[in-house]
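For reference, the structure discussed in these notes is given below.
The values are calculated or read from the model by the stated rules, or taken from the named source; none is laboratory data. Everything numeric here is computed off the predicted structure, so don't read it as measured data. Reconstructed Cβ throughout: ideal geometry from the backbone, glycine too, with neighbour counts over all protein chains shown. Ligands, DNA and RNA are excluded from the accessible area calculation, which covers all protein heavy atoms including side chains. Shrake-Rupley method; radii C 1.70, N 1.55, O 1.52, S 1.80 Å.
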Amino acid sequence: MTDGVVCTTEGVGAATSRANTWRASAVVGAFLLLSIWTYALDARYLYFSAYLWFGFIYGASLQYGRFCMASAIRDLFAVGVPRMAVGIMIAVVLFSLVSAAVTVAGKSTFHASPIGLYSVVGGAIFGFGMVFTGGCATGSLYKTGEGSVSALLVVISLSFAQALFVDVGGLLDALVPASWTASAAAKSMPAELTVTKGWYDQFLAGYIWDLKSVTAGDALGLASPAAKAFIGNSLVNAILPAIVILAVIYVRWYRKGWLRKNKGAAPGPAREVAGWWSMVTASKRTAIAGLVLGVAAGLQMWVMQTLQQKFGISNAGELLTAMGNTQGLSLQETVFDPGYFYVTTQEAQGAAWVLAQLGMDLRDNIFFGMENGIPSPLANPVLWMSFSVIGGSMVMALLANEFKLKMPTREIAVWAIGGGILMGIGSRIGMGCNIGAFFATVTNGDPSGWLFALGMTAGGYGGVKFFNWWIERKMAKETPLGF
Amino acid sequence: MAMKFEKVSEGKYQLDVQGYVCPHPQLYTKKALEKLQSGETLELLFDNPSSGESISAMCDSQGDDILEQAQDAGKTMRWTIRKH
């Protein structure tokens, strides 16, 4: 209970706030200058700036609401706190409604993912790893903006793990089922990709591409575009599951504590609704962040599609080609350009670009060579979004006087790097992270996102069990009081 | 900086988890509170803002009282929690 709590802020004077205000203004100014300067060079950089400013909004919202999907699962199982899981469900509901409107307006950039067991497996590895890192993929970006070097280590390890994982062969090739190899070989692929070598190529061409994708609106056979979008994709695939999840969370984790504080409430449905609403509004910061994220994520699709129509493109690779920058494009002359909120693939591209500068060529695989390319960070619009998530978070942290450059201990660094590697592997198997494979999918009618969430929850549960064991063991050894 | 959990005086304990990031501070706090008897207090030192949200919600859920929340210029948060 926090009623009557005394809050003090010692030594945090107006001078510090003013200094942080200047620093925050400098970060905003740098992003503004980048947008204006690049627009002056070529008006087509507007496309890049759109990614950048949506990333900025995401970063600011994430930091304001301490919005992290790792904590949604971890805190629920580890300390029984549901606030983040509630915030995410709020964001899911709002994002799905805005997405439905954007889809009906013909401005959606979304493509459904194939439905298969890979989502559960990838989600489980990702969820297990993210318990140890202290943040999900976006959580680690926003915490980097707060000055956490351990979060930066997570981002770096997640990025390089992905880049290397999609290119490895050797022993892993022996684990590939013969049916995947045969199916991959049967597809007419460019010889330079060598798709029957390297396990990830065979995983994509021999397994993923053979799976079917469908949205809830299509699966239900709804005729009108509005019914497909609002009833099938939004109501059935996002809102109803979110309500069920909120009800489960209320009964399992919130109701008992709420009833203890509200002993006078008369039993009945009204009491349960009041308790449920109390849970939804318990953390206003998280709820507000969920609201902003949900609306902004939907609007981004509309803005990106509008810009694609304005420039007459369907992928940023066409834009880069027209701008005379063809380095780093895929064989299809494309680059990664989802047109909505997405994290991990662009970071893998960033890591692959760094490795390319060191002489390692990773373009002989489908992921980089054929689908996403390896553009330089300056020519990678989606990577601009990742950088600005960090920037937006930094601005909010500075304004809230919460920015602090924090170096990790060796123990924290090991957890960050190890967890980050698992998250990188999980995100490539699951074809995305908590954002691309869950948040952006379930809100656009794609049921595969719930499979990823299922795996992520199971992995998170396993991670919490392991972490609890580890901490209890450590404490029993290191503290005289024991645990 | 290593974690410290020690008895300061009769009925008063201190948990120092400065330098730790999620999920360490909230997990250590949960386990420390489990160690305390009802009415005893825990002074908690941490510097990971995200953990504060979880710890506050955890105390609210368990009925533990947060008696004081202070933050110094070095961004260290010093909370006093009384076990329910």
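Quick notes on this one:
- A:ALA72 meets each of the listed conditions (1) modelled with pLDDT under 90; (2) in contact with a Lys or Arg (Cβ under 8 Å, 6 or more places away or on another chain) apart from (2).
- Single residue of region A:313-354 satisfying the filter (among the small types (Gly, Ala, Ser) and not in a helix (DSSP H, G or I)) that is nearest to the chain's Cα centre (by Cα): A:GLY339
- Residue in region A:229-252 that is within 14 Å of chain B (Cβ to nearest Cβ) and among the charged types (D, E, K, R) present: yes
- All helices (runs of 4 or more DSSP H) inside region A:214-309 with 3 or more residues being out of contact with any helix residue (DSSP H, G or I) (no Cβ under 9 Å at 6 or more places or on another chain), within 30 Å of B:CYS59 (Cα to Cα) and open to solvent by 60 Å² or more (accessible area, probe 1.4 Å): A:269-280
- Region A:153-199, residues that are open to solvent by 50 Å² or more (accessible area, probe 1.4 Å), on the phi > 0 side of the Ramachandran plot and touching a residue at least 24 places away in the same chain (Cβ under 8 Å): A:THR194
- Pairs meeting the criteria (first residue in region B:65-78 and facing chain A (nearest Cβ under 7 Å) and closer than 15 Å to B:GLN26 by Cα, second residue part of a loop (DSSP other than H, G, I, E, B) and among the hydrophobic types (A, V, I, L, M, F, W, C), beta carbons under 9 Å, at least 6 apart or on different chains) are B:ILE66/A:MET1; B:ILE66/A:VAL5.
- Condition check for A:PHE95: of a type in the set (A, V, I, L, M, F, W, C), in contact (Cβ under 8 Å) with a residue 12 or more places away in the chain and more than 12 Å from chain B (Cβ to nearest Cβ): yes
- Residues that are open to solvent by less than 20 Å² (accessible area, probe 1.4 Å) and at the interface with chain A (Cβ under 7 Å from one of its Cβ atoms) within region B:29-58 comprise B:LYS31, B:ASP47, B:PRO49, B:SER50, B:SER54, B:MET58, listed in sequence order.
- The residues on offer are A:ALA379, A:ALA356, A:ALA352, and the sole one that is more than 14 Å from every other protein chain (Cβ to nearest Cβ) and over 23 Å from A:VAL168 (Cβ atoms) is A:ALA379.
- When A:LEU307, A:LEU362, A:LEU355 are checked against the criterion of being out of contact with any strand residue (DSSP E or B) (no Cβ under 7 Å at 6 or more places or on another chain), among the aliphatic types (A, V, I, L, M) and more than 30 Å from A:GLY206 (Cβ to Cβ), A:LEU307 stands alone in meeting it.
- Residues of region A:432-457 that are in contact with a Gly (Cβ under 7 Å, 6 or more places away or on another chain) and either surrounded by fewer than 24 Cβ atoms within 10 Å (Cβ to Cβ) or of a type in the set (Gly, Ala, Ser) (or both): A:ALA437, A:GLY445, A:ALA453, A:LEU454, A:GLY455, A:THR457.
- A:GLY80 vs. criteria within 10 Å of chain B (Cβ to nearest Cβ), over 25 Å from A:GLY392 (Cα atoms) and open to solvent by 10 Å² or more (accessible area, probe 1.4 Å): yes
- Condition met for A:LYS474 (open to solvent by less than 40 Å² (accessible area, probe 1.4 Å), of a type outside the set (Val, Ile, Thr), within 12 Å of another protein chain (Cβ to nearest Cβ) and without any contact (Cβ under 8 Å) to a residue 12 or more places away in the chain): yes
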